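The next block holds one structure in the form of structure tokens; read it before the comments.
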Amino acid sequence: MTQPARDDLDFRALMGDVAPLSRARNRADPGRRQGGPSEAQLARRESAAAEQAGRNFLSDDFVDLVPPFDPLAYRRDGIQQGVVDRLRHGGYAAQARLHLLRRPLEECRRALPPFIQEAHSHDLRSVLIVHGRGQAIDSPANVLRSYLAKWLAQFEEVQAFVSAQPSDGGLGATWVMLRKSDRARAANRERQQKRRG
């Protein structure tokens, strides 16, 4: 007897009492078919989408690219130039830092709002954001730096921002001055009232 014939007999001996499935039922039963996401899942998805949309108001639309050697500078009406100059020269200590160097734009867009809002809620006034820039004279404009200039102006909490001095990161870092919280303003008024007597 040849080897294939012997294998065929061995197979038939092992499968002796097994009956083949009928053509109509030749698949395993996977159980009850799910029609789609449950109401709870849909509600959670909707809530997460609304929360994400409400939290991040920063636009990732078109931005005017800032040349790599142009300093960033912005101040709201009512902010004295002396305050901006002091900020530029590192006259205020960095109370918090955010490092965005070599991070994707979308990640930076998600990281910036909680950083600014948390710093403001903790009554911090000056923060430093490190974002980087091109090193060579002919390097292209830094996209993140350009978006950062656009985004920071959209925050109500931001009073001013300027590029840092070389000792603090130069054009690859930006000082940000935050406005005082209502709590800090009230405490300041109270201190001034006590001084006056």
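The values are calculated or read from the model by the stated rules, or taken from the named source; none is laboratory data. The structure displayed is predicted, hence computed values, not measured ones. Positions of Cβ are generated from backbone atoms using ideal geometry, with glycine treated the same way; all protein chains shown enter the neighbour counts. Only protein heavy atoms, including side chains, enter the accessible area calculation; ligands, DNA and RNA are left aside. Shrake-Rupley method; radii C 1.70, N 1.55, O 1.52, S 1.80 Å.
Among Ala111, Ala24, Ala96, which one shows the biggest mean-square fluctuation in a GNM of the chain, springs joining Cα atoms closer than 10 Å? Judging by the Gaussian network model, the answer is Ala24. Using 10 Å bins from zero, what percent of all Cα-Cα pairs in segment 88-128 falls into each bin? Bins of 10 Å from zero give 27, 47, 25, 0 percent of pairs. Using bins of 5 Å that start at zero, the share of Cα-Cα pairs per bin across the chain amounts to 1, 6, 11, 13, 13, 9, 7, 5, 4, 4, 3, 3, 3, 3, 4, 4, 3, 2, 1, 1, 0, 0, 0, 0, in whole %. Measuring nothing but alpha carbons in segment 104-197 and taking Rh as the Kirkwood radius, the Rg to Rh ratio lands at 1.11.
On the accessible surface of the chain, probed at 1.4 Å, how many percent belong to carbon and sulfur atoms?
The value for the chain is 51 percent carbon and sulfur by accessible area.
Computed with a 1.4 Å probe on the full set of protein chains, the accessible area for Trp175 sits at about 10 Å². Relative to the longest principal axis of the Cα atoms of the chain, the long axis of helix 39-55 makes an angle of roughly 30 degrees. Counting Lys and Arg as +1 and Asp and Glu as -1 over every other residue whose Cβ lies under 12 Å from the Cβ of Leu101, the net charge comes to +4. For Asp7 and Ala24, the difference between the fully extended length at 0.36 nm per residue and the C-alpha to C-alpha distance is 3.1 nm. Among Phe69, Phe62, Phe115, the sequence by solvent-accessible area, most first, with a 1.4 Å probe is Phe62, Phe69, Phe115.
Rolling a 1.4 Å probe over the protein chains gives Leu105 an accessible area of about 60 Å².
From the protein chains alone at 1.4 Å, what is the descending order of accessible area for Glu157, Glu46, Glu190, largest first? Intermediate values should be presented prior to the final figure.
On the way: Glu157 30, Glu46 140, Glu190 105 Å².
Largest to smallest exposure gives the sequence Glu46, Glu190, Glu157.
Accessible surface of Arg75, taken over heavy atoms with a 1.4 Å probe and every protein chain present, rounds to 110 Å². When the residues His89, His99 are ordered by accessible surface, computed with a 1.4 Å probe over the protein chains alone, the sequence from largest down reads His89, His99. Of all DSSP-defined beta bridges confined to the chain, some 75% are antiparallel rather than parallel. The residues of the chain have, on average, 70 Å² of accessible surface per residue, using a 1.4 Å probe with all protein chains present.
With respect to the chain, whose longest principal axis is taken over its alpha-carbon atoms, helix 143-152 is tilted by about 60°. Note on the chain: dipole from Cβ charges, positive end direction compared against Val66, Ile116, Gln95; the farthest Cα belongs to Gln95.
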